[in-house]
Amino acid sequence: MYGCTASWPSINSKRSNADVRRRLRALYDAAFSYFGPLCWWPGETDFEICVGAILTQNTAWTNVEKAIANLKNKRLLTVRAMHQAPRAVLAAAVRPAGYYNQKSQRLHEFCAHIVRFHRGSLNVMLHQPALVLRDELLALNGIGPETADSMILYAARQPIFVVDAYTRRILSRSGAVPDDIEYHPLQEFFHLMLPPDAEYYGEYHAQLVYVGKEFCRKTRPRCDECPVRLT
DNA sequence: GACCAGGCACATC
DNA sequence: GATGTGCATGGT
């Protein structure tokens with residue numbers, strides 16, 4: 001049963017890659033049948049997607065939605081406006097997303113970087129090779145692997161797989177990977193096993209998040225009711 | 001009232 | 001290199 005047994009081939013077992021790919025496809029198909037197309041990431045613009053990626057760090061998305069609504073109401077959801085906004089105003093707007101002092105600073109530094117190095121154009125920054133963009137994002141304060149990869153996949157639409165808490169939990173509970181697997185090995189696992197397609201990566205990640213939210217929470221998982229059988 | 005949520009940076013050992 | 005801690009709001 002999902003989450004309770006471990007019958008997947010080892011992540012290191014090269015000879016069973018075909019089997020792993022088949023299981024991953026079956027997982028996706030089952031989730032897609034249950035949830036339907038999710039069309040991620042939520043956001044009207046690429047900048048909103050990037051802002052959401054920072055705001056959702058260790059935070060429920062419902063709180064992020066409130067913060068983004070505040071930013072829209074204050075007309076701060078552009079690179080220039082956010083860059084020029086007083087820190088206190090920015091912090092007040094993102095307050096519902098928690099960690100508002102850190103996140104307002106991270107947003108400001110993100111915008112300052114775009115203004116300084118890309119003439120204020122997020123589009124210019126995003127139109128770099130994925131690995132160049134990734135290194136650039138990771139060098140910024142407050143942007144780690146998951147945040148950077150979310151921006152690259154959903155805003156730049158380049159095929160980098162996003163690993164988050166749900167991804168790790170679902171895959172490890174299924175026995176496909178060790179529960180203490182680090183970010184990059186798990187990302188490489190997906191890059192090796194899935195076709196490099198940004199739209200597919202995005203939808204796959206979205207389906208994993210929905211499965212996670214609904215059936216694979218940290219405590220009180222609903223394994224028995226989960227429509228996605230991984231083993 | 002405790003626990004959790006789509007992380008990350010930094011200090012300490 | 002591994003581990004622990006601070007950051008903070010809002011839902012369950």
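Between helix A:100-117 and chain A there is an angle of about 70 degrees, using the helix long axis and the longest principal axis of the Cα atoms. On a 0 to 90° scale, report how tilted helix A:17-35 is relative to the longest principal axis of chain A, with both axes built from alpha carbons and the result rounded to the nearest 10. For helix A:17-35, the angle is close to 60 degrees. Among the trypsin sites (Lys or Arg not before Pro) in the range A:17-88, those placed in a DSSP loop whose Cβ has at most 15 other Cβ atoms within 10 Å are A:74, A:75. With neighbours defined as other Cβ atoms within 10 Å of a residue's Cβ, the residues A:224, A:46 order from fewest to most as A:224, A:46. Derived from the Cα gyration tensor, the three semi-axes of the equivalent ellipsoid of the range A:46-155 are 21, 15, 12 Å, largest first. Among the trypsin sites (Lys or Arg not before Pro) within the range A:153-231, those in coil by DSSP and having at most 16 neighbouring Cβ atoms inside 10 Å are A:157, A:217, A:218, A:222, A:229. Extension gain, residue A:26 to residue A:72, is 12.6 nm, computed as 0.36 nm per intervening residue step minus the present C-alpha separation.
Identify the GluC sites (Glu not before Pro) of the range A:44-90 meeting these criteria: DSSP loop state and at most 11 other C-beta atoms within 10 Å of the C-beta. Taking the range A:44-90 and a limit of 11 other Cβ atoms within 10 Å, the loop GluC sites (Glu not before Pro) found are A:44.
Here, each number is a calculation from the coordinates, and none is a lab measurement. Keep in mind the model is a prediction, meaning the values are calculated, not measured. When we count neighbours, we look across all protein chains shown, and the Cβ atoms used for this are built from the backbone with ideal geometry, even at glycine.
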